[in-house]
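Notes to accompany the following structure.
The values are calculated or read from the model by the stated rules, or taken from the named source; none is laboratory data. Worth saying up front: this structure is predicted, and the values here are computed from it rather than measured. Note that we place each Cβ from the backbone using ideal geometry, even for glycine, and neighbour counts take in every protein chain shown.
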Amino acid sequence: MFSGGRTLEAIETVCDPDGELDAFDGVESLLEKSLLRQEEGPEGEPRFVMLETIHEYATEKLKEGGEYQELRASHAAYFVVA
């Protein structure tokens, strides 16, 4: 859903609204596999950026699995509230 960088808080809120997963462990795993990279945000906070080809593949998989619209709505709601 995200384009550009995202914070751990945004990832947790959008991708795991029920708090059932450990977003930190997921992000750490993706970093170790070089599927995400960590950058410094404008206020020094860590932001995570996904490689564009991986982002496109993940979007396709979300659409195939029927999860795309729900996640997109969650993403929009996060930024409307924030």
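If you go through the range 32-55 and keep only what is over 19 Å from residue 9 (Cβ atoms) and exposed (fewer than 11 other Cβ atoms within 10 Å of the Cβ), you end up with 32, 33, 34, 52, 53.
When residue 31 is tested against (1) part of a helix (DSSP H, G or I); (2) within 10 Å of the chain's Cα centre (by Cα), just one condition goes unmet, and that condition is (2).
I want to confirm something. Restricting to the range 6-47 and keeping residues that are of a type in the set (Val, Ile, Thr) and in contact (Cβ under 8 Å) with a residue 40 or more places away in the chain, which single residue is nearest to residue 75 (Cα to Cα)?
14
Scanning the range 34-60 for residues being assigned to a helix (DSSP H, G or I) and either more than 14 Å from the chain's Cα centre (by Cα) or of a type in the set (S, T, N, Q) (or both) gives a total of 3. When the residues of the range 1-28 are filtered to those that are loosely packed, with under 12 Cβ neighbours inside 10 Å and in a helix (DSSP H, G or I), the one that is modelled with the highest pLDDT is 25. Taking (1) modelled with pLDDT of 85 or more; (2) out of contact with any Leu (no Cβ under 8 Å at 6 or more places or on another chain) in turn, residue 48 satisfies each apart from (2). Can you give me the number of residues within the range 60-80 that are more than 16 Å from residue 13 (Cα to Cα) and touching a helix residue (DSSP H, G or I) at 6+ places or on another chain (Cβ under 7 Å)? Residues flagged as more than 16 Å from residue 13 (Cα to Cα) and touching a helix residue (DSSP H, G or I) at 6+ places or on another chain (Cβ under 7 Å) within the range 60-80 amount to 1. Within the range 63-81, being free of Cβ contacts under 8 Å to residues at least 24 places away in the same chain and either surrounded by 14 or more Cβ atoms within 10 Å (Cβ to Cβ) or assigned to a loop (DSSP other than H, G, I, E, B) (or both) holds for 65, 66, 67, 68.
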